[in-house]
1. Failed condition for Pro195, given (1) in a helix (DSSP H, G or I); (2) modelled with pLDDT under 95; (3) surrounded by 16 or more Cβ atoms within 10 Å (Cβ to Cβ), with all others met?
2. Output the helices (runs of 4 or more DSSP H) that fall wholly within the range 80-185 and possess 1 or more residues being at pLDDT below 90, or say none.
3. Could you identify the single residue in Thr245, Thr215, Thr283 that is under 24 Å from Lys188 (Cα atoms) and either out of contact with any Leu (no Cβ under 9 Å at 6 or more places or on another chain) or surrounded by 15 or more Cβ atoms within 10 Å (Cβ to Cβ) (or both)?
4. Can you work out which of the residues in the range 311-327 that are of a type in the set (Asp, Glu) and surrounded by 14 or more Cβ atoms within 10 Å (Cβ to Cβ) is farthest from Leu297 (Cα to Cα)?
5. With the condition kept exactly as written, say whether any residue in the range 241-258 is of a type in the set (Lys, Arg) and either assigned to a loop (DSSP other than H, G, I, E, B) or farther than 28 Å from Gln302 by Cβ (or both).
6. Regarding Leu223, is this residue in contact (Cβ under 8 Å) with a residue 60 or more places away in the chain and crowded, with 18+ Cβ neighbours inside 10 Å?
7. Could you grab me the full set of residues in the range 8-23 that are crowded, with 22+ Cβ neighbours inside 10 Å and over 18 Å from Arg112 (Cα atoms)?
Amino acid sequence: METVTLKQAKSLIKSMAHKESILLLSAPGVGKSDIVREAAAEEGLEVRSLLGTQIAPEDVSGIPKIINERSVFCPPRILLPENPKPFCLFLDEFPAAAPDVQKALYSLLLERRLGEHQLPEGTWVVAAGNRHEDRALVRQMSSALINRTFIINVRADVKQWLVWAQKNNVRKEILSFIAFLPDALMRKVPGEPVPFSTPRAWASLSQAISLAEKTGILNEKILRTLSFGRVSAADAAIFSALNDTDVENLLPLEVYVKEPDKLPKDHAPLWFLLHLIKSKLLTGEIKIDEERLNDFLLRLPQEQRFAMLAGDVRSWGELGADEALFETLAEITGLV
């Protein structure tokens, strides 16, 4: 599946939405709604929103009125204001709309028409929603509906989000954490209804921490409670554990692999770094020859080395860590 960043999606909206209907799809919390409003604001267009889960067919097609013994459908003011200026029509939670609502949108999406009324020239039509795999409230869209829109799949981009977050006063410790652990920005939607990490969730957590701090109730327990209540449990555990650590001063992982003596002495950042190093070594994200790999492992204290090797002996063996494996086994068993 081809995807674009939010910045790329904004460029597509600004160049196409006055002629073509666009449907942005992504997991929840990526920032689709914000980017539509941002694009419209930059072009001086008012945003008029309809929420797919809260509209009925008549909210799109209008209600009939008898004029000269003829029925004429009167479109709602939000879709056809008295002032015929172009605007941005934003259909949020679009895939969650009921089938009869989706059907009512056919002529709007394809012809920019509401019954016998045309939308003002230059009006944007942009929709957004989640995908079936996101376990969100999503209905099956008909092929006729899909064929009337450009479907653009959007992904979260860490660098772009960090720029946005800094401009929007997201807390420094969250910025540093995401910069050091980019994967934590966006996690897969879990199979159970529990909090999970998204760009929106991290921004919300930042605001909640600031509110708790402002009222004087922020402490270690409150921070953990807020973290576990808003982002994925694993990310919450690491983030709250590293609260007293200056993440900005942590070095790139490759530096610690080459020079294990530079690993921090404090418990939380030490095990955090070792967990990341192990993961990236085993997945091949950090490339290292066998000699250097064994040297790195053998320079770790026994407890840390055993924790690194335990449970993944076969994988470490495939990477060539035989010397470290045998040395560790000898130390633990006392066998020569």
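The values are calculated or read from the model by the stated rules, or taken from the named source; none is laboratory data. Please read these numbers as outputs of a predicted model, since none were measured by experiment. All Cβ positions, glycine included, derive from the backbone under ideal geometry; neighbour counts span all protein chains shown.
1. Failed condition: (1).
2. Counting at least 1 such residues, we get 99-104, 106-111, 143-146, 172-180.
3. Working: Thr245 fails: under 24 Å from Lys188 (Cα atoms); Thr215 fails: under 24 Å from Lys188 (Cα atoms).
Residue meeting the stated conditions: Thr283.
4. Filtering first and then ranking leaves Asp312.
5. Within the range 241-258, none of the residues are of a type in the set (Lys, Arg) and either assigned to a loop (DSSP other than H, G, I, E, B) or farther than 28 Å from Gln302 by Cβ (or both).
6. Values: in contact (Cβ under 8 Å) with a residue 60 or more places away in the chain: no; crowded, with 18+ Cβ neighbours inside 10 Å: yes.
Against the criterion (in contact (Cβ under 8 Å) with a residue 60 or more places away in the chain and crowded, with 18+ Cβ neighbours inside 10 Å), Leu223 does not qualify.
7. Answer for the range 8-23, where residues must be crowded, with 22+ Cβ neighbours inside 10 Å and over 18 Å from Arg112 (Cα atoms): just Ala9.
To keep it simple, each residue is scored yes or no on (1) of a type in the set (Gly, Ala, Ser); (2) more than 30 Å from His275 (Cα to Cα); (3) touching a helix residue (DSSP H, G or I) at 6+ places or on another chain (Cβ under 8 Å).
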| position | (1), (2), (3) |
| --- | --- |
| Ser143 | yes, yes, no |
| Ala156 | yes, no, yes |
| Ile174 | no, no, yes |
| Phe180 | no, no, yes |
| Phe196 | no, no, no |
| Ser210 | yes, no, no |
